[in-house]
1. Between exposed GluC sites (Glu not before Pro) in the chain, where DSSP calls loop and at most 14 other Cβ atoms lie within 10 Å, what's the longest gap?
2. For HIS160, list long-range residues whose amide hydrogen, built 1.01 Å from N in the peptide plane, is under 5 Å from its own amide hydrogen.
3. To make sure I understand, if each residue's beta carbon is the centre and we count other beta carbons within 10 Å, what order do HIS170, HIS131, HIS142 fall in, fewest to most?
4. Compute the angle between helix 103-116 and the longest alpha-carbon principal axis of the chain, please, reported from 0 to 90 degrees and rounded to the nearest 10.
5. Mean 1/r over all different Cα pairs, inverted: what Kirkwood radius does the chain give, in Å?
6. About its Cα centre, how strong a charge dipole does the range 103-189 have in debye, to the nearest 20, once Lys and Arg get +1 and Asp and Glu get -1 at the Cβ?
7. Out of all DSSP beta bridges in the range 103-189, what portion is antiparallel? Express it as a percent rounded to 5.
8. Once both labels are modelled 7 Å past Cα along the beta-carbon direction, what's the LEU37-ASP177 spacing in nm?
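Here, each number is a calculation from the coordinates, and none is a lab measurement. Small disclaimer: the values here were computed from a predicted structure and weren't measured. A quick note on method: Cβ atoms are made from the backbone with ideal geometry, for glycine too, and the neighbour counts reach across all protein chains shown.
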Amino acid sequence: MIRVAVSGAAGRMGATVCAAVEAAPDLELVARADPALGIELAQALAAGPDVLVDFSLPDAAVANVRAALAAGVHAVVGTSGFDPSELDGLEGANVFVAPNFAIGAVLMMRFAADAARHMARAEIIELHHDHKVDAPSGTAAHTARVMHEAAPDKPLPPIHSVRLPGLVAHQEVILGDLGQTLTIRHDSLARESFMPGVLLAVRRVATQPAPLVVGLEHFLD
């Protein structure tokens, strides 16, 4: 049984993670941390989790991970809006960071990187709910990076951000070449779409191949 604490548990993603952990037969939710709940992270870590799942805020995530690692607790981070390199070199336990936990979104990034090698130009449009605090999204920034790594002779794809009520998480990669375009799109219609990836990361973070791993693609066999 893997013991799990969730930081940012009062938020929409955090609450969904809590429900998913409680429903998993091999996981146990031992603590919820969130200022809105009146529970500090130190109290959650005192409950003895094996893994901390962080869906807090960009200005809190790094400090939360540092506290978890100092307590010997692995960290799975879904918070975006900060540079994952800030976590490089930390010791005490493992850290896993995912720009996006939806399996379809990971495949979208993989397909886009492959397409970037064969099409002349590309642009990215990412659309999220109006309460998302960061722009561009972590998914869009990561997509642009992997596309540029796949085709370094081509410019980094520009990103256009849309924030509107009614949206959850959506992204289009539009590639263009002589007389043609190719559109690769992924839509998360509910936050439950991220939960299989979150639970996969919780189960794999302790045995991942390096102390810091970024991207769910590393766990897709």
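1. Answer from the scan: 92-221.
2. ILE124, ILE125, GLU126
3. The most exposed by this proxy come first: HIS131, HIS170, HIS142.
4. For 103-116 against the chain, the angle is about 30 degrees.
5. Hydrodynamic radius (Kirkwood, Cα pairs) of the chain is 17.8 Å.
6. Roughly 60 debye, rounded to the nearest 20.
7. Rounded to the nearest five, the antiparallel share is 75 percent.
8. With each label placed 7 Å out from Cα toward Cβ, I get 5.0 nm.
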